[in-house]
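Worksheet for the structure shown next.
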Amino acid sequence: MGKGGKQLGTYSYQEVSKHDKRDDRWIIINNQVYNITNWARRHPGGSRVIGHYAGQDATDAFRAFHNDLDQVQKYLLPLHIGSVQKGEVNTNYSLENDFRDLRENAEKMGLFKPSYLFFFLHLAHIIAMEVMAYLTLYYFGTGWIPFLVSVCLYSTVQSQVGWLQHDFGHLSVFKASWLDHLFHFLTIGCIKGASPSWWNHMHYQHHAKPNVMGKDPDVRVDQLFVVGEKMPLEVAKSKKSNMPYNQQHKYFFFIGPPLLFPVYFQFMLFRHIFTRRLWKDFIVVMAFYVKFFYLYTSMLGLGWALVYYEIMRVLESHWFTWVSQSNHIPMDIDRDTAEPWIRLQMKATCDIEQSFFNDWFTGHLNFQIEHHLFPTMPRHNLYKIQPLVQSLCKKHGIPYQMKTLSQSFIDIVKSLKHSGQLWEAALHAHHVS
């Protein structure tokens, strides 16, 4: 019997796993069962991110995404319908227990406490470069050299604020989440010109189920590319696309990094804003465009201001694509098999060697493994938890991959070539049969 006299039941893992439909969703958190069918639509993080765990144990995912557990428990209480049957065998108990101990140790070590100085200096260097980008043209004129210097500075601003808004978006900077939300709104909207709601919608799904086909939007790319080892076979069997995937490692250079931001992201974020009527997002995005064209049209004219803008977006797009895909595309990509949190994240991510440049260039996403395991941990502390994660992986026989920055870029192309070859072989086999 639960609070308020509500009758509670006991359920097996198998019984819970049946409730994974859009209109029937149960999840397990700390051995307690919750019916989230109706609540999912009101979930602050979006219905999809919580729905991706329907029918599964979401304990570690739940802990990874929420800082204020007491506040969240208030929402869970009316959703509580029972508990997992005692005596149920959890084959991942040892691994999951060790991982939870690791998180507890990280909390005791103070690794979830942010350095406000670190984030202040990072924001200050972004603002300084944005001012320098403008002053370069203002004082030195609009010739080719000041033009290129200015656009490179502005591209760096866009890339670096992309990493900073990522920190705010993961609630890893302030103790009060409303401050993280506010600064996320301002940095991604006013400085970067993107929709905070669209970023949350896409990125939280990625973290919940990285490299899981049908759930991670970052691998929903089969219109242009096939990735991993399962997707090429499925696409070849369906025969629904005419793309020459066996050449994707070549055309990736022309339609991947150059067009992701200037074309795809621009279209998707505005579609998200208008279809969901997110007028607050629209206002902060337009604040960026008003600021940019007011400042730069007066010096360059509208035509060259547009050229400046597009070059900046292309450079930023290259930066983001190579960094973000280096940690994921060469890793395992599969359908959802309800892997425990740590195995799921380790299969989908790898690290890049630490150096001052790598930390700055990637926004500390060279510690992608640690970031995915602990998404609310401030990035300046990720290197401290790395040895403990490596030790845990070694104990349980989980591969831990670390690469050089150059090798991680090379592996993107290699993996695309390999997946393209798998598609070609599978397509040929289907034609023969």
Which whole-angstrom value gives the distance between the alpha carbon centres of the range 347-396 and the range 44-62? 23 Å
Taking a ≥ b ≥ c as the square roots of the eigenvalues of the Cα gyration tensor, with a/c under 1.5 meaning rounded and otherwise prolate when a/b exceeds b/c and oblate if not, the range 205-353 is prolate
Could you give the distance between the Cα centres of the range 246-300 and the range 175-239, to the whole Å? 15 Å
If packing is taken as the average count of other Cβ atoms within 10 Å, what order do 68-75, 228-235 fall into, highest mean first? 228-235, 68-75
Cα axis of helix 196-208 to longest principal axis of the chain: angle in degrees, 0 to 90, nearest 10? 50 degrees
Give the cross-link partners of K108 among the lysines, using a straight C-alpha distance below 17 Å as the criterion and excluding same-chain residues fewer than 8 apart. K175, K384
Are there any trypsin sites (Lys or Arg not before Pro) in the range 12-41 that are in a DSSP loop and have at most 16 other Cβ atoms within 10 Å? List them by number. K18, R22
Shape call for the range 109-251 from the C-alpha gyration tensor, a ≥ b ≥ c root eigenvalues: rounded (a/c under 1.5), prolate (a/b greater than b/c) or oblate? oblate
Charges at C-beta only: +1 for Lys and Arg, -1 for Asp and Glu. How large is the resulting dipole of the range 192-254 about its Cα centre, in Debye rounded to 20? 120 debye
Residue by residue through the range 416-427, the couplings from Karplus 6.51 cos²θ - 1.76 cosθ + 1.60 with θ = phi - 60°, in Hz, x for Gly and Pro, are 5, 5, 4, 5, x, 5, 4, 4, 4, 5, 5, 5
The FRET efficiency for H430 and T404, from their Cβ-Cβ distance with R0 = 51 Å and rounded to 0.05, is 0.85
For the chain, what is the mean residue ellipticity at 222 nm derived from helices alone (per DSSP H run of n ≥ 4: -39500 (n - 2.57); sum divided by total residues; nearest 500 deg cm²/dmol)? -19000 deg cm²/dmol
Which residues qualify? For S83, with a placed amide H closer than 5 Å and at least 5 residues away or on another chain, they are G9, T10, Y11, V33
Non-local residues with an amide H under 5 Å from the amide H of R25, with H modelled 1.01 Å from N and Pro and chain starts lacking one, are I36, T37
For the range 9-90, what does the convex hull of the Cα positions come to per residue, in cubic angstrom? 88 Å³
May I ask you to order 417-423, 153-159 by the average number of other C-beta atoms within 10 Å around their residues, highest value first? 153-159, 417-423
Could you work out the pair-distance distribution P(r) of the range 283-419 from its alpha-carbon pairs, with 10 angstrom bin width and percents rounded to whole numbers? 11, 32, 27, 18, 10, 3, 0
Treating only the Cβ of Lys, Arg, Asp and Glu as charged (+1, +1, -1, -1), what charge dipole size does the chain show about its Cα centre? Round to the nearest 20 debye. 840 debye
Round to the nearest 10 and give me the degree value, 0 to 90, for the angle of helix 93-108's Cα axis relative to the longest principal axis of the chain. 50 degrees
Kirkwood Rh and Cα-based Rg: tell me the resulting Rg over Rh for the chain, rounded to two decimals. 0.98
In order through the range 171-182: 3J(HN,Hα) via Karplus (6.51 cos²θ - 1.76 cosθ + 1.60), integer Hz, x for Gly, Pro: 6, 10, 10, 10, 6, 8, 5, 5, 5, 4, 4, 5
Of the candidates W199, W322, W178, which one comes out as most mobile in a Gaussian network treatment of the chain with C-alpha springs shorter than 10 Å? W178
In whole percent, the fraction of accessible protein surface over the range 9-90 that belongs to carbon or sulfur atoms, probe radius 1.4 Å, stands at 47 percent
Rh_Kirkwood(the range 318-370) over Cα pairs, Å, one decimal, evaluates to 11.9 Å
So what's the angle, to the nearest 10 degrees on a 0 to 90 scale, between helix 116-140 and the longest Cα principal axis of the chain? 20 degrees
If each residue of separation counts as 0.36 nm, what is the full-extension length gain between L182 and K21 once their alpha-carbon separation is subtracted? 54.5 nm
Starting from the Cα gyration tensor of the range 153-210, take the square roots of the eigenvalues, sort them a ≥ b ≥ c, and report rounded, prolate or oblate (rounded when a/c is under 1.5, otherwise prolate if a/b is larger than b/c, else oblate). oblate
Within a Gaussian network of the chain (alpha carbon springs, distance under 10 Å), most fluctuating of G143, G46, G169: G143
Among F356, F267, F120, residue whose mean-square fluctuation peaks in a GNM of the chain (springs only between Cα atoms under 10 Å): F356
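The values are calculated or read from the model by the stated rules, or taken from the named source; none is laboratory data. Note that the coordinates shown come from a computational prediction; the quantities given were computed from them, not determined experimentally. Note that we place each Cβ from the backbone using ideal geometry, even for glycine, and neighbour counts take in every protein chain shown. SASA here: full protein model, heavy atoms, side chains in, ligands and nucleic acids out. Shrake-Rupley method; radii C 1.70, N 1.55, O 1.52, S 1.80 Å.
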